[in-house]
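Undergrad: Sending over a structure as structure tokens; questions will come in a sec.
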């Protein structure tokens with residue numbers, strides 16, 4: 001079972017919070033798959049990751065650039081396949097209320113949601129109930145004045 005963390009964005013937008021989390025994964029020698037709901041958002045996030053300054057280098061790719069096995073971070077709108085992430089990632093980032101039928105292919109799932117969007121919060125609560133019923137170890141993190149604070 002994957003460790004499943006819910007990350008409640010309350011202080012910074014996704015485009016600022018996500019690079020720091022991805023940087024932690026890479027600094028630990030990990031690989032990540034980032035699942036988005038819409039191709040347009042994937043393109044926007046792709047551009048944002050190339051220009052982010054903290055951390056200043058987040059090597060990544062998407063189906064458009066190809067060669068997933070070479071990409072430490074893989075951006076996609078698709079779920080993982082039967083063998084897991086195409087880049088061998090053990091970390092799955094779920095954005096924009098996306099879900100995965102392949103949670104067992106990952107060691108850690110990070111589900112980021114916008115605390116300023118009532119629908120996003122309600123959807124995250126529903127995903128929490130589903131993940132709990134599925135037997136996953138759950139944690140809840142909220143942005144605080146000094147960074148991520150574990151709440152549950």
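Derivation of every value follows stated rules applied to the coordinates shown; laboratory data play no part. Remember, predicted model here, so these are calculated numbers, not experimental data. No Cβ is skipped: glycine too gets one built from the backbone with ideal geometry, and neighbour counts run over all protein chains shown.
Undergrad: Note down the relative contact order for the chain as a percent, whole number, built from C-alpha pairs under 8 angstrom at least six residues apart.
TA: Dividing the mean separation by the residue count of the chain yields 35 percent.
Undergrad: How many angstrom separate the Cα center of the range 2-37 from the Cα center of the range 119-139?
TA: 17
Undergrad: May I pose another question? Residue 77 label point, 7 Å along Cα→Cβ, cut-off 15 Å on backbone N: hits in the range 48-67?
TA: 62-65
Undergrad: Sum -39500 (n - 2.57) across every DSSP H segment of at least 4 residues in the chain, then divide by the residue count to get the 222 nm mean residue ellipticity, nearest 500. Please list the in-between numbers first.
TA: Numbers: 3 runs with 43 residues, N = 152.
It comes out at -9000 deg cm²/dmol, rounded to the nearest 500.
Undergrad: Let me ask something else. Rule-of-thumb check for the range 1-49: C-alpha Rg over 2.2 N^0.38 Å?
TA: 1.24
Undergrad: Of 34, 25, 109, which has the largest mean-square fluctuation in a 10 Å C-alpha GNM of the chain?
TA: Of the options given, 25 has the highest mean-square fluctuation.
Undergrad: Please build a GNM for the chain, connecting alpha carbons under 10 Å apart, and tell me which residue among 105, 32, 118 fluctuates the most.
TA: Its mean-square fluctuation being the largest, the pick is 118.
Undergrad: Right, here's the next one. List the pair-distance distribution P(r) of the chain, using every Cα-Cα distance, as the percent of pairs falling in each 10 Å bin from 0 up to the bin containing the longest distance, rounded to whole percents.
TA: 11, 44, 37, 8, 0
Undergrad: Assuming 1.002 mPa s and 20 °C, estimate D for the range 105-152 with Stokes-Einstein, Rh taken as the Kirkwood radius over Cα pairs, in µm²/s.
TA: Translational D for this selection: 180 µm²/s.
Undergrad: Same structure again: What distance in nm separates the simple spin-label points at residue 47 and residue 148, each placed 7 Å from Cα in the Cβ direction?
TA: Reported label-point gap for residue 47 and residue 148 is 2.7 nm.
Undergrad: Need one number for the range 39-103: average projected area of the convex hull over its C-alpha atoms, nm².
TA: Convex hull of Cα atoms, orientation-averaged projection: 4.6 nm².
Undergrad: For a quick check: sort 98, 77 by the number of other beta carbons within 10 angstrom, fewest at the front.
TA: Neighbour counts put them in this order, fewest first: 77, 98.
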